[in-house]
1. Could you please let me know if A:A137 is more than 10 Å from chain B (Cβ to nearest Cβ), surrounded by 24 or more Cβ atoms within 10 Å (Cβ to Cβ), hydrophobic (A, V, I, L, M, F, W, C) and without any contact (Cβ under 8 Å) to a residue 40 or more places away in the chain?
2. So if I check each of B:C52, B:C98, which one is touching a strand residue (DSSP E or B) at 6+ places or on another chain (Cβ under 9 Å), part of a loop (DSSP other than H, G, I, E, B), at pLDDT 85 or above and within 14 Å of chain A (Cβ to nearest Cβ)?
3. Among residues belonging to the range B:87-103 that are of a type in the set (A, V, I, L, M) and over 18 Å from B:C52 (Cα atoms), point out the one that is surrounded by the fewest Cβ atoms within 10 Å (Cβ to Cβ).
4. Please count how many residues of the range A:316-350 are outside any strand (DSSP E or B) and closer than 21 Å to A:F29 by Cα.
5. Determine which member of the set A:I203, A:I212, A:I189 is out of contact with any Cys (no Cβ under 8 Å at 6 or more places or on another chain) and either surrounded by 20 or more Cβ atoms within 10 Å (Cβ to Cβ) or of a type in the set (D, E, K, R) (or both).
6. Check off (1) at pLDDT below 85; (2) surrounded by fewer than 17 Cβ atoms within 10 Å (Cβ to Cβ); (3) within 14 Å of chain A (Cβ to nearest Cβ) for B:G3 and give me the number that stays unchecked.
7. Please pick out the residue among A:E168, A:E142 that is within 30 Å of A:Y63 (Cβ to Cβ), among the acidic types (D, E), out of contact with any helix residue (DSSP H, G or I) (no Cβ under 7 Å at 6 or more places or on another chain) and within 14 Å of chain B (Cβ to nearest Cβ).
8. Suppose we filter A:I87, A:I76, A:I66 for residues that are in contact (Cβ under 8 Å) with a residue 12 or more places away in the chain, within 22 Å of A:S152 (Cβ to Cβ), touching a Phe, Trp or Tyr at 6+ places or on another chain (Cβ under 9 Å) and part of a loop (DSSP other than H, G, I, E, B); which single one remains?
Amino acid sequence: MKMEAEKRFDTVDMMLNMGPQHPSTHGVFRMVLTIDGEKIVAVEPHIGYLHRGTEKLCEGEYYLQIVSLFDRLDYISSFNNELAFVIAVEKLMGIQVPERAEYIRVIMCELNRIASHLMFYAAFGADAGAITPFLYAFREREQIQSVFEAVSGARMMHNYFRVGGVIEDLPPDFGDRMNKLIPKLKQGIQECDDLLTGNEIFIARAKGVGAISAADAIDFGMSGPNLRACGVLEDIRRSEPYSVYPTLDFDIPAGQNGDCWDRYMVRMEEMRQSLRIVEQAIAEMPQGPVIAPQVRKIVKVPKGEVYVRVENPRGDFGVYLISQGGDKPYRVKIRGASFCNLMTLKKLLQQCYVADCVVVLGSLDIVLGEVDR
Amino acid sequence: MIGLLKGLNTTLKTLFRRPVTVQYPDEHLPLAPRYKGFPALLWDDNVQEPYCVGCQVCARYCPTECITVTMKDNTKFKDGTSTRKKIVDFFQIDMAKCIVCAICVEVCNFDAIVMSDAHEESVFSRGEMVADLNRLLEMGRGQEKKLRKS
């Protein structure tokens, strides 16, 4: 009799299919969760729904065209992707980029970082169940997007950086726009902070959830704000400086516990640091040409190979470029920051509640365009 | 509780701000002077012919191969009214394939193509997305000011 009663309470694990069309997966990403009651026992991520074969496409395209393909990898931070590729080509060709172009690039990349982190803030708030932050963050992000539109002509797919510099100088009203934008952004970020950071419900959802130790994070190849949230002070802008970052003064925020809360706080602070960089860069930007004089429209790259990495808003974005000479590369290998960050998901979701699964995924801030490539 | 109240205070302050959105189909936000809409062709008013000579550079450097161009002998060159020996015969852009990267504008040696302001190009069938020479010239009317001087 007793045996029979026990048998009746035997539970079986349930398989739950999440995605690929789930709004909280930030694109087309599918997770197969095995759940025991409310707890996640195992998770099987499925990627590749957004695979466009960028690496292979690059082999058949001219260097000029590849910049436009890089826009479409991590489409929330296009400028940073373009930068990685153009630096790689410039290194192979041995081009000295004019200083003004370097400053323009840094300003654009840092504004892009703020826009990207605002996007994270918006989506993360929504993931935790708060819709209002989404609207606040998009209001601020919209202003940055209109600056991008004024400078490059496009709001997302800029195609603005060129091998040897940028395609054209900043518009004449750029200074005025920035003078208006920076105080507005400062205020906006503060408002975002006030709205969500202190919220008790949000804290309860994020603090202590999805924690990972620094050692594990490094083993998984985590990078960017996610790694810094574990207390590791690693930022390529500091450890392997490129462009004019060595001359600029900024802090690298870090967390302690490596949980969702720390990942959120690191990004909030990074936005303020990025604003500091933008302010300095605008003040120090010299006049002069914006593209190196020896660069022709159709770039021919000498034989050789190079690996370049830059600090993308999501972490370490690397480009491994092999050239056999000529106007097309032999091989372009892309190291996506989101891809490596996503791989920690199995570890992060172990023994996590199903309800927290969306928050953990949101806190990683992945962009599927870069994961699938 | 303090955090919640702080958040509510922020929303309350926003309640009295001017809205940042516009009622889209009725109102439009202004486009930036450099705005990259769909590519269009320019018309040479002096000679009454397109600037494009059909050299196919744009077609060759288009990342998505959405441009098809052919050229022909220019009859106006024989008359002596035009300096263009060759002129565009057939020009077609598949707007459904175009990724609005402006590489065609960058490589054009004759300043014949320009990124126009056109961006609301919804149609009912895929075939209508293919723009021919006449439509491209129509789209390019009054867009000379957008030509990037490089």
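1. For A:A137, the condition - more than 10 Å from chain B (Cβ to nearest Cβ), surrounded by 24 or more Cβ atoms within 10 Å (Cβ to Cβ), hydrophobic (A, V, I, L, M, F, W, C) and without any contact (Cβ under 8 Å) to a residue 40 or more places away in the chain - is not met.
2. Exactly one residue qualifies, and that residue is B:C98.
3. B:A96
4. Of the residues in the range A:316-350, 15 are outside any strand (DSSP E or B) and closer than 21 Å to A:F29 by Cα.
5. A:I189
6. It is condition (2) that B:G3 fails.
7. On inspection, the qualifying residue turns out to be A:E168.
8. A:I76
The values are calculated or read from the model by the stated rules, or taken from the named source; none is laboratory data. From a predicted model like this one, the values you see are computed outputs, not experimental measurements. Counting neighbours? That spans all protein chains shown, and the Cβs are built from the backbone with ideal geometry, glycine included.
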